[in-house]
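Taking it in order: structure first as structure tokens, then the write-up.
A short reminder: the numbers here are calculations on the coordinates, not readings from a lab. The model shown is predicted, which means the values in this text are computed figures rather than measured ones. Heads up, the Cβs are rebuilt from the backbone with ideal geometry, glycines too, and the neighbour counts pull from every protein chain shown.
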Amino acid sequence: MSDAVAQQAAEQEPVVDLSLAHKIIDKYIDMPGNLMPVLQAAQDEYGYIPRVVADLIAERLNVYPSQIYGVLTFYAQFHLKPRGRFIIRVCVGTACHVQGAPRIVETFFDKLGIGHAETTPDLRFTFEKVACLGACGMAPLAMVNDATYGSMTVQKVEEIITDYNQRPLK
Amino acid sequence: MVNLTIDDKQVTAPKNATIYEAAKANGIKIPILCHDKKLKPFGACRMCLVEVEQMKGRQIPACTTPATEGMIIRTSTPEIVKARKMVLELLLLNHPIDCPVCDKGGDCDLQNLTYEYKVDANRFVDEKFHLDIDYANPLIERDMNRCVLCGKCARICDEIVSFGAYTFINRGIETKMGCEFDEALNCEFCGSCVSVCPVGSLLARPFKFKARWWALTKQKSVCSYCGTGCNLTLGVKDNKVLTTVYDENQGFHNGQLCCRGRFGYQFINSDKRLTAPLVRKNGVLVETGWDEALEIVVGRLKGGIAVAALATPRMTNEELVLFKRLMETVGSPNYDHSAGYAHAALTKGFARSFGTSASPSTILDIQKSDLLLVIKTDAYETHPVVGFEINLAVKNRGVKLNLLSDKRGKLSKLPGAKTLVHTPGSEIAVINAIAKSILDAKLADGSAVAVPGYADLEQALAGFTPEAVAAQSGLSAAQIKELAADYAQAEKALIIFPIGLAYAGHDSEFASAVANLAILTGKLGREGCGVLCMAEKNNSQGAVDMGFYAPLGGMDAGRIIDGCASGAVKTLFIAGENPAVSYPDHARVQAALYKVECLIVSDLFLTETAAQADVVLPACSFAEKEGTFTSVDRRVQYFKPAIRKIGQSRSDFEIFAALIARLGGQAPASPAAAFAEITAATPAYTGMSYASLGEQGAFAAVTVKPALIAPQAPAPAGAPGKLALVVGSALYHNGTMSQHGEGPMYVCPEGYVELSRGDAARLGIADNDLLTVASATGSVKLKAKVSLRMPEGVLFTPYHFGATPVNQVWSGAAVTWVTLDK
């Protein structure tokens, strides 16, 4: 995949199967205060909230599309762009910073070719700097989805990437 | 009432008042930025901080805190002034100080408060925002760099307009007001957000760089589009109406306007206005003086044989009375307005059902009711500010909303709204079935039996069982019965429906059917009850009150049109109407305009009708004259000129007075004198005068003598393979005049035909496809608009546009059967 093609693929919103969103809405349609659960379930389903899904939720729940966008941008838990299969989080809190987190972050940037809050064009990795993961004793700390990696080193960064590159995308 | 002390002054306030409201009611000013009397308290800006002794001197927001018994409040201690100053310093931290080029300058709450609190230095430093300004539409400019995040735009758009264009995007310092997915604004463009914006974030683009606020002369007036009777303030400079100015204290609607009221004033100073009389010489209209033009007209009118007149209900009461006097002077009983049928719900329907040609209820009843039955969701499109009142009633007061319509609409989306979508043309049958259900379920009021016509009605309704009507209306019997029960069992219920040129089905039979429901259930003569018939134009009710419709022995509009074609009418005087576009059946109207020997038109513009005239008289707009308009709910309102007359144009009052004088008759010397004659001759207007009307206006009296009438329902019709076309009003258009308003023409620039997703898929039609709509009468090419609200098999098209005259396919039937072709 050339860079230009990859760029284009990443920018284009993938085809979204709306029937999944319909099912989620069907489940919550009669529940008062159903917007948050519907958005959360939709994000679980699609990995992010595609525009067409937001529009469908607005239409079926009779909520203003603007209001949905307000909720989506208020909460850090929602994402408006496709996310990678593997979410890499590196702590840059005080303890991790002192223990060399900046170098870990730089190495991830370098090896993945993406920056903070970005996703690789093949939708394999999303990288995020986070303020604290609550395990300062293991600093510097990284997480990939639910797996935790303590006492991170530059060497370990390469191992992690190699490991997750071999895992299936689906 | 509660008693409290504000700034050492003993005051009383209503029980539900906030501290801010209590202070305001007692003449004590507390500064505000985010508060608006029309909106729910929000408490975002902290400008209204006050000290309450009982709360240990803590500073609390006056706009959200209820005033309670015995409170001791101080509104401007040194500490409070200091706190407010800091609020302003913090707001000014990010606010660009570009006041010299900001159109809000002089009318800006932030600027005025900064001045008032002498914030001449800022202890803090931060970067300004550099957000892109939204110039995507020609009406509303959004510069979020100036925003103070008061949230008023989002709140008014939700609470009153119920569109919800805006939201708070992001959090913390990055918060900004925006639309979904941070896109450009794309809404109804009513401009309510502009009216309440306390700074220059939201500006009216048509007014941009036109005049400084303080250089404008502000003249109060009454809107000349629909019959709601909204009050306006016109911003005038150099004899030009440059903008409308928001005044939250104006009218029942608290200054709230729709797109055409706010952004539709450009017709007043349009360069297309007629500035001199025109007469046809050698087949061409050429400019002439008033003398020549009036002489020709007098020559044609003299004798009065074969003379007829059509008037627009946009004219003032005084002008309509004078036009009628002119016809009486020439001895012709042939005069009418609105194609002769668009007022029949009032002049025939209500006349026999209520014993008066006016609505028994007012717009103020909407918020006082328990249940609204709105017939046709178009009520929002035809009378948007009434639509706002419905939104407020439903959302703030929990008023139940039932809709009976041939399509869904914006009102259907209101919380708890129940919409029954019936097949087009079956509304009278459905309403009769509701009446029948009320009788069968013994839900009728005890008083109904004594009303004249009860027995006849009971008998006539025998054929309208919900089961029988269900089949032809596309509803179920259960739905009809449920609606009947909802309506009858509500303590207070109000029925609202629009009438007008485009609503041919809302005729006298329809009006009587509706009236029956209110009479049968005793929902009349009480607050929040009754029927509100919303006529189309600003003075439709006035035209009826002045009796400007065919008297006994006179021709009505339909017969006048046919008379022109047959030669029975030789001189036709049309004042302000544009039948070539707005009357049904283009071919029939054209035949009339072509055949009639002499066509005289007075209008602001060289309309499609005026272009065919032999004499064209340049009339002037409402902004150039004085007089009274009567709103749909009988509110008689006086307005004064805001500017001098454009060119040589004259008010229709002056034109008719000059003609009467030349014909040897007597005309009142001034509109005031004419109004005095009106009040003497019209019982409902007794006691009114220009002075007594003041700024509030006054309601014309109404005395209801109910009678039950058995309404005839049209036989169910259908045409295999064809689609049912219903004609109506597009949002923010009104008649054909709104084509000269920038706002309405941006929101809806051209005619279209709206169809359901199902029909679009079946016929392979996409949005904006150019379609040929063909009926037995003719055909017209219109762009397709695919929408969610249309039921399958039903098409909707607005009627306002001269470029795509819908009357080429529509001959005045409630439902027209058509085919669609790409």
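In table form, for the structure just shown:
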quantity	calculated
Rough spin-label spacing in nm, given labels placed 7 Å along Cα→Cβ, for residue B:175 and residue A:35	1.5 nm
Positive-end residue of B:2, B:653, B:207, charge dipole of the protein assembly as shown with Cβ unit charges	B:2
Alpha carbon centroid spacing (whole Å) that separates the range B:610-654 from the range B:504-550	26 Å
Label-point gap, in nm, between residue B:295 and residue B:8 - each point 7 angstrom along Cα→Cβ	7.9 nm
Chain B - share of DSSP beta bridges that are antiparallel (%, nearest 5)	55 percent
Chymotrypsin sites (Phe, Trp or Tyr not before Pro) within the range B:94-145, DSSP loop, no more than 15 other Cβ atoms inside 10 Å	B:124, B:135
FRET E, pair residue A:170, residue A:128, Förster distance 30 Å, beta-carbon r, rounded to 0.05	0.85
Relative contact order %, the range A:15-74, counting alpha carbon pairs below 8 Å whose residues are six or more apart	31 percent
Gained length - residue B:97 relative to residue B:471, 0.36 nm times residue gap less alpha-carbon distance	128.0 nm
Listed residue (B:405, B:356, B:516) projecting farthest to the positive dipole end of the range B:344-534, Cβ model	B:405
Distant alpha-carbon pairs in the range B:723-821 (separation over 20 angstrom), percent	32 percent
Lysines whose Cα lies under 30 Å from that of residue B:324, excluding same-chain neighbours fewer than 8 positions away	B:220, B:272, B:281, B:302, B:348, B:537, B:570, B:595, B:625, B:640, B:645, B:705
Viscosity 1.002 mPa s, temperature 20 °C, Stokes-Einstein D of the range B:626-755 from Kirkwood C-alpha radius, µm²/s	108 µm²/s
Pairwise Lys count, chain A - Cα closer than 27 Å, eight or more residues apart or different chains	13
Integer Hz, Karplus 6.51/-1.76/1.60 couplings in order for the range B:621-632, x for Gly and Pro	7, 4, 6, 10, 9, 10, x, 10, 10, 10, 7, 4
Kirkwood hydrodynamic radius (C-alpha pairs) into Stokes-Einstein, the range B:210-347, 37 °C and 0.692 mPa s, D in µm²/s	178 µm²/s
Sorted by Cβ neighbour density within 10 Å, fewest at the top, the residues B:704, A:98	A:98, B:704
Exposure proxy order (Cβ contacts within 10 Å, fewest to most) of B:411, B:788, B:524	B:788, B:524, B:411
Along each principal axis, Cα extent of the range B:155-276, largest first, Å	58, 31, 26
Average partner coverage of A:73-80, which counts Cβ from other chains inside 10 Å	3
Lysine pairs with alpha-carbon atoms under 24 Å apart, the range B:2-76, spacing 8 or more or separate chains	18
Cα centroid separation - the range B:45-122 against the range B:446-488, whole Å	59 Å
Given chain B, longest segment not containing exposed loop GluC sites (Glu not before Pro) (DSSP; at most 11 other Cβ within 10 Å)	B:128-490
Cα-based helix-to-principal-axis angle, B:671-681 vs chain B, degrees rounded to 10	70 degrees
Partner chain coverage, peptide B:176-183 - average Cβ within 10 angstrom	5
Bridge type composition, the protein assembly as shown - antiparallel percent by DSSP, nearest 5	55 percent
The range B:2-76: radius of gyration and largest Cα-Cα distance (Dmax), Å	11.0, 31
At 1.002 mPa s and 20 °C, Stokes diffusion of the range A:15-74 via Kirkwood alpha-carbon radius, µm² per second	191 µm²/s
Cut-off under 5 Å, modelled amide H: who pairs with residue B:783 long-range	B:753, B:771
Mean shadow area of the range A:19-126 over all directions, Cα convex hull, nm²	8.1 nm²
Of the chymotrypsin sites (Phe, Trp or Tyr not before Pro) in the range A:69-170, those whose Cβ has at most 16 other Cβ within 10 Å and which sit in DSSP loop	A:75
0 to 90° range, to nearest 10: angle between helix A:101-112 axis and chain A longest Cα axis	70 degrees
Sequence-distant residues sharing a close amide H with residue B:50 (under 5 Å, placed H)	B:60, B:62
Between the range B:386-408 and the range A:125-170, the Cα center-to-center distance that results, in Å	55 Å
Nonlocal amide H pairs with residue B:530, under 5 Å, H built at 1.01 Å	B:493, B:495
Point-to-point label distance, residue B:72-residue B:821, nm (Cα→Cβ direction, 7 Å offset)	8.7 nm
Trypsin sites (Lys or Arg not before Pro) within the range B:402-505: DSSP coil, no more than 11 neighbouring Cβ in 10 Å	B:442
Cα Rg over Rh - chain B, Kirkwood	0.98
Base-10 log of normalised Debye intensity for the range B:344-534 (one unit scatterer per alpha-carbon) at q = 0.11, 0.13 Å⁻¹	-0.41, -0.59
Likely footprinting exposure, B:352, B:762, fewest C-beta neighbours within 10 Å first	B:762, B:352
Share, in percent, of DSSP beta bridges within the range A:51-154 that are antiparallel, nearest 5	55 percent
Cα-based Rg of the protein assembly as shown normalised by 2.2 N^0.38 Å, two decimals	1.06
Whole-Hz ³J(HN,Hα) from phi, Karplus 6.51 cos²θ - 1.76 cosθ + 1.60, for the range B:38-52, glycine and proline x	7, 10, 5, x, 10, x, 9, 9, 6, 7, 8, 4, 9, 9, 10
Relative contact order (%) - criterion: Cα under 8 Å, at least six apart; region: chain B	14 percent
Value in Å of the Kirkwood radius, where the range B:570-681 supplies the Cα pairs that are averaged	15.8 Å
